[in-house]
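Here the structure comes first, spelled out in structure tokens, and everything after it is commentary.
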Amino acid sequence: GGQIGLIADLAQDLDLEFPAFSDEARRALAEILPPYSPIANPLDAWGNGDLEQNYPACVDVVSREENVHLLAVSRGTPPQVAPREVEQSLAVARAAVQARQETGKPVLLFSNYSAGFQAQVKETLAEGGVPYLQGTRETLRAIQAFVDYGRFRRQREHPAARGCPSPPDLAAWREKLRGTQGALSEIEGRRLLAAYGIPGPTESVATTVDEAVAAAGRIGYPVVLKILSPDIQHKTEIGGVRVGLADGATVAEAFRQVMDAARRHHPQARLEGVLVQEMVPADAVEVILGLLRDPDFGPVVVFGSGGIMVELLKDSALRLPPLSREEAVGMIHETRGAQLLQGFRGKPPADVDALADALVRLSQLAADLGDLIAALDINPLMVLPRGQGVRAVDALVEIRAPAGPGGRL
């Protein structure tokens with residue numbers, strides 16, 4: 001009973017299903033177990049403690065259920081237990097092996113504590129191809145990973161349309177990235193995203209106070225003003241960003257403030273002026289899209305809660321590119337932040353369709369240029385209300401260093 005409650009608690013945050021038993025299985029289990037034993041999934045097959053007859057019989061019944069695709073059998077047998085305990089555990093182990101052999105389903109045995117395995121029981125399971133895991137939490141996470149991998153394999157076996165058409169100037173972008181060291185400027189980064197159909201806000205470069213005020217007038221108030229430098233990647237931390245500027249006077253003062261902050265914190269930085277941008281509406285939802293490089297798998301697409309929330313909550317999802325639209329939608333709903341996109345505390349529902357489209361487009365960028373990019377962050381990507389699209393407000397594209405003569409990066 002306690003083990004059943006523990007499994008239910010630990011499985012709450014996992015995407016695992018415990019299907020109800022068929023009427024036929026319920027009748028069969030009722031004949032095996034005492035009248036006081038509840039019959040539900042997960043099943044307490046302990047019954048009256050008969051591990052050599054009742055428990056194996058329950059394993060057999062449950063393993064034959066059509067809607068049960070994986071069987072996890074609980075029985076812990078650490079080293080140096082009493083011989084009688086070993087005999088009972090061997091009966092359970094043999095039942096697990098038999099279930100695997102007769103049904104072809106994945107079957108595992110697990111202990112709810114981590115104290116090692118009795119050698120004879122471990123050998124019986126190993127010979128029968130049944131893994132023996134330690135810890136209930138760890139076992140459930142392993143099952144979740146196994147289920148996720150199976151889903152991934154099935155998706156790859158039945159390919160859907162993935163990615164999107166590459167931009168016509170792909171060759172020019174490859175040439176540009178090969179000739180770039182460090183990172184693209186913010187403007188270049190957004191131009192790269194725009195080439196793949198991921199729009200940014202309306203913006204203009206200004207090198208003087210007067211140019212900044214004029215640009216703000218053309219774009220329309222309120223505006224955002226950011227320092228523009230290829231040597232300053234994290235602008236907010238140094239006071240290099242001003243938002244909600246409502247008139248020319250505040251724009252002029254913000255220009256002086258961000259330039260002073262940049263010179264104070266990065267005296268050697270190359271300052272190219274400021275970037276004046278349209279102010280994205282307050283009812284937009286911040287998310288992060290990005291690419292990272294895995295040493296084994298190569299480029300990986302990342303989606304998660306935006307702004308500082310991705311660091312605080314560690315709320316993100318990963319996929320290999322290129323993505324189908326179904327995979328992109330799955331990434332979105334895999335995160336806890338997905339509920340913010342449905343309309344939260346008075347905000348309208350966000351444009352999830354446009355967000356999924358941006359993920360697919362970013363995945364195509366990864367497929368085309370991932371060998372040249374070390375990391376890419378769109379943080380934040382602002383998801384506007386339904387039907388209004390998305391805006392890549394801030395973009396950082398770091399270029400891979402060339403591989404050395406004898407190794408790889």
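The values are calculated or read from the model by the stated rules, or taken from the named source; none is laboratory data. Every value quoted in this text rests on a predicted model; they were computed, and no experiment measured them. Here Cβ is always computed from backbone atoms with ideal geometry, including for glycine, and neighbour counts include all displayed protein chains.
Hey, among the residues in segment 7-45 that are free of Cβ contacts under 8 Å to residues at least 60 places away in the same chain and touching a strand residue (DSSP E or B) at 6+ places or on another chain (Cβ under 9 Å), which one's farthest from ALA99 (Cα to Cα)? Ranking the candidates gives PRO42 first. For ARG156, the conditions (1) part of a helix (DSSP H, G or I); (2) exposed (fewer than 14 other Cβ atoms within 10 Å of the Cβ); (3) more than 25 Å from the chain's Cα centre (by Cα) all hold with the exception of (3).
Of the helices (runs of 4 or more DSSP H) lying entirely inside segment 1-108, those containing at least 1 residues that are more than 23 Å from ILE143 (Cβ to Cβ), at pLDDT 90 or above and in contact with a helix residue (DSSP H, G or I) (Cβ under 9 Å, 6 or more places away or on another chain) span 23-32, 54-63, 83-103. Restricting to segment 1-43, count the residues that are touching a Ser or Thr at 6+ places or on another chain (Cβ under 6 Å) and either among the charged types (D, E, K, R) or within 19 Å of HIS69 (Cα to Cα) (or both). Number satisfying all stated conditions: 0. Apart from one condition, PRO199 fits all of (1) outside any helix (DSSP H, G or I); (2) surrounded by fewer than 17 Cβ atoms within 10 Å (Cβ to Cβ); (3) modelled with pLDDT under 95; the exception is (3).
For segment 136-156, does any single residue satisfy the condition of being among the β-branched types (Val, Ile, Thr) and over 30 Å from ALA356 (Cβ atoms)? Walk me through how you get there before you give the answer.
Restricting attention to segment 136-156, the residues satisfying the condition of being among the β-branched types (Val, Ile, Thr) are 136, 139, 143, 147.
With the extra rule that they be over 30 Å from ALA356 (Cβ atoms), the set shrinks to 136, 139.
Yes, there is a match, as at least one residue in segment 136-156 is among the β-branched types (Val, Ile, Thr) and over 30 Å from ALA356 (Cβ atoms).
Residues in segment 337-360 that are in a helix (DSSP H, G or I), modelled with pLDDT of 95 or more and out of contact with any helix residue (DSSP H, G or I) (no Cβ under 8 Å at 6 or more places or on another chain): ASP353, ALA354, ALA358. Reported count of residues in segment 318-336, each being surrounded by 19 or more Cβ atoms within 10 Å (Cβ to Cβ), aliphatic (A, V, I, L, M) and outside any helix (DSSP H, G or I), is 1.
Figure legend. Inter-residue proximity from segment 93-116: first residues of a type in the set (Gly, Ala, Ser), second residues crowded, with 20+ Cβ neighbours inside 10 Å and part of a loop (DSSP other than H, G, I, E, B), beta-carbon distance below 6 Å, spacing 6+ or different chains. Indicated pairs: ALA96/VAL130; SER111/GLY76. Could you list all residues from segment 109-119 that are closer than 14 Å to THR139 by Cβ and surrounded by 13 or more Cβ atoms within 10 Å (Cβ to Cβ)? The answer is LEU109, PHE110, SER111, ASN112, PHE117.
Reported count of residues in segment 203-224, each being polar (S, T, N, Q) and loosely packed, with under 14 Cβ neighbours inside 10 Å, is 2. Scanning for something over 32 Å from the mean Cα position of the chain (by Cα), under 30 Å from GLU24 (Cβ atoms) and of a type in the set (Lys, Arg), does segment 61-80 turn up at least one residue? So far as segment 61-80 goes, yes, one or more of its residues are over 32 Å from the mean Cα position of the chain (by Cα), under 30 Å from GLU24 (Cβ atoms) and of a type in the set (Lys, Arg). Would a scan of segment 127-141 turn up a residue that is among the aromatic types (Phe, Trp, Tyr) and either assigned by TED's automatic domain parsing to the domain that holds LEU320 or over 30 Å from LEU193 (Cα atoms) (or both)? So far as segment 127-141 goes, yes, one or more of its residues are among the aromatic types (Phe, Trp, Tyr) and either assigned by TED's automatic domain parsing to the domain that holds LEU320 or over 30 Å from LEU193 (Cα atoms) (or both). Of all residues in segment 166-193, those satisfying the criterion of being part of a loop (DSSP other than H, G, I, E, B) and touching a residue at least 24 places away in the same chain (Cβ under 8 Å) are SER166, PRO167, ASP169, THR180, GLN181, GLY182, LEU184, SER185. Take ARG270 and decide whether it is more than 26 Å from VAL390 (Cβ to Cβ) and among the basic types (Lys, Arg). So ARG270 passes the test.
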